[in-house]
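To keep things clear, I will list the structure first and then write my remarks on it.
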Amino acid sequence: MKKILTTTALVATMAAGTASAQQNWNLQSTYPGTLPQLGTLGQRIADQITAITGGEITMTFQNPGGVVPALEVFDAVGSGAVEAGWSTPGYWAGRVPALQLLAAVPFGPQAGEYIAWLKFGGGQDFLEELYEPHNIHSIICGVIAPEASGWFRNELNGVEDLRGLSMRFFGLGAKVMERMGVSTQLLAGGDIFPALELGTIDATEFSMPAIDLNLGFYQVAQHYYFPGWHQQSTMFDLMINLDLWESLDERTQLMIETVCDANITYGLAEGEAIQVEALRVLEEEHGVQIHEWSTEDLAALEAAWHEVAAELVAEDEDFARVYESYLAFRAGYARWRDLGYLD
């Protein structure tokens, strides 16, 4: 049964049965608004929805803890404690394991292929289906460029040196790292630096160079590893309370969807553009040492991923259905990728 909605604006909207009355929405983010891309793209959504609706919806971006803590956004949107949330589906793996496949997949596709599956291969349908029982409507509203695969205090001779480490890691990649002997934790962005500084964790991954630079990981770990095998591209979504979404007229829904489509393009372009300077600053000004995993190391990680995926398919029917769709699309796309693109 859907939970009773609690916000004054939402109750007023439902009573009126239309989106034409002015509404005030909170957009609760899992990322601080000052964080490049992860936060700024959420702030951009709030500003653009306010502008494009002509003030019919005034959306206010809320930093983590503004209304609820970062990792409580899922429940807050579903219950109506906030009207909307900005996050990535992968954060809610404990509630809906299959959502991880709509966030980032180890050894997965680059952004173009991933978005193609989302828009034309059934990904969006799965997204809506998986969120619906929790009273949430989700729209993919951002995709970012590849991440790095981690910050380490000491240089690694290979993946065998991962064993025994404690590391902050996200999503399906965390399960691969656990298979490699790593103890993983999922920490919100603002909690990572203190944990790394205090030694609560030995290493961390979080995002791409421009974002990691902002968080200052280089101050406590100088060895930075690539490529981001676990997140070649990462999707982010705008979550809206489902009752509220269904109360909106088609015109308003279309405006929100248009903002999200534009945000995908903007975020992907920005993400590719800002890495060059970030890498220069990390290397030249902060002395960070850049490392690349060997072919053998990547093969070991990929083999571990296939083992993890097979187990998750066996454990969860929804994960199996979504993964089957994902693999089928990739198999068909491979012919075009091999013909159309340079290696």
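The values are calculated or read from the model by the stated rules, or taken from the named source; none is laboratory data. Since we're looking at a predicted model, the values are computed, not measured. For neighbour counting, all protein chains shown are included, and Cβ atoms are generated from backbone atoms with ideal geometry for every residue, glycine included.
Considering each residue of segment 154-162 in turn, at least one proves to be more than 16 Å from the chain's Cα centre (by Cα), buried (at least 19 other Cβ atoms within 10 Å of the Cβ) and without any contact (Cβ under 8 Å) to a residue 24 or more places away in the chain.
From the set of residues in segment 257-284 that are of a type in the set (Val, Ile, Thr) and not in a loop (DSSP other than H, G, I, E, B), which is nearest to Gln222 (Cα to Cα)? Looking at residues that are of a type in the set (Val, Ile, Thr) and not in a loop (DSSP other than H, G, I, E, B), I get Val281. Given the criteria surrounded by fewer than 20 Cβ atoms within 10 Å (Cβ to Cβ) and free of Cβ contacts under 8 Å to residues at least 40 places away in the same chain, does Thr258 qualify? Spelling it out, it is not the case that Thr258 is surrounded by fewer than 20 Cβ atoms within 10 Å (Cβ to Cβ) and free of Cβ contacts under 8 Å to residues at least 40 places away in the same chain.
In segment 290-314, the qualifying residues are those that are of a type outside the set (A, V, I, L, M) and in contact with a helix residue (DSSP H, G or I) (Cβ under 8 Å, 6 or more places away or on another chain), and the one that is nearest to Ala174 (Cα to Cα) is Trp305.
So for segment 121-143 (the condition being under 18 Å from Ala309 (Cβ atoms) and among the hydrophobic types (A, V, I, L, M, F, W, C)), does at least one residue qualify? Yes; the residues of segment 121-143 include at least one that is under 18 Å from Ala309 (Cβ atoms) and among the hydrophobic types (A, V, I, L, M, F, W, C). Contact annotation: residue pairs with Cβ atoms under 9 Å, 6 or more positions apart or on different chains, pairing a residue in segment 33-49 that is closer than 16 Å to Ala278 by Cα with a partner that is buried (at least 20 other Cβ atoms within 10 Å of the Cβ) and of a type in the set (Val, Ile, Thr), are Leu35/Ile211; Pro36/Ile211; Gln37/Ile144; Gln37/Ile211; Leu38/Thr30; Leu38/Thr88; Leu38/Ile144; Leu38/Ile211. Just checking, does segment 300-313 include any residue being surrounded by 19 or more Cβ atoms within 10 Å (Cβ to Cβ) and outside any helix (DSSP H, G or I)? Checking segment 300-313: not a single residue is surrounded by 19 or more Cβ atoms within 10 Å (Cβ to Cβ) and outside any helix (DSSP H, G or I). Within segment 163-192, residues that are in contact (Cβ under 8 Å) with a residue 60 or more places away in the chain and at positive phi reach partners that are surrounded by 15 or more Cβ atoms within 10 Å (Cβ to Cβ) and assigned to a loop (DSSP other than H, G, I, E, B) with beta carbons closer than 7 Å, at six or more positions or on different chains, in the pairs Gly171/Ala93; Gly171/Ala103; Gly171/Ala104. Every listed requirement among (1) surrounded by fewer than 22 Cβ atoms within 10 Å (Cβ to Cβ); (2) within 26 Å of Glu246 (Cβ to Cβ); (3) β-branched (Val, Ile, Thr) is met by Thr40 save one, (2). Looking across Thr295, Thr200, one residue alone is surrounded by fewer than 14 Cβ atoms within 10 Å (Cβ to Cβ), more than 30 Å from Ala21 (Cβ to Cβ) and free of Cβ contacts under 8 Å to residues at least 40 places away in the same chain. It is Thr295.
If I filter segment 90-140 down to residues being hydroxyl-bearing (Ser, Thr, Tyr) and under 14 Å from the mean Cα position of the chain (by Cα), which single residue comes out as surrounded by the fewest Cβ atoms within 10 Å (Cβ to Cβ)? Explain how you work it out, then say what you get.
Narrowing segment 90-140 to residues hydroxyl-bearing (Ser, Thr, Tyr): 91, 114, 131, 138.
Adding the requirement that they be under 14 Å from the mean Cα position of the chain (by Cα) leaves 91, 114, 138.
On the way: Tyr91: 23, Tyr114: 25, Ser138: 26.
Among those that are hydroxyl-bearing (Ser, Thr, Tyr) and under 14 Å from the mean Cα position of the chain (by Cα), it is Tyr91.
Pairing residues of segment 91-107 that are farther than 15 Å from Ser325 by Cα with residues that are of a type in the set (D, E, K, R) and at pLDDT 95 or above, at Cβ distances under 7 Å and at least 6 apart in sequence or on separate chains, gives Pro97/Asp316; Phe107/Glu302. Set side by side, the residues Ile240, Ile211 differ, and just one is crowded, with 18+ Cβ neighbours inside 10 Å and under 15 Å from Gln37 (Cα atoms), which is Ile211.
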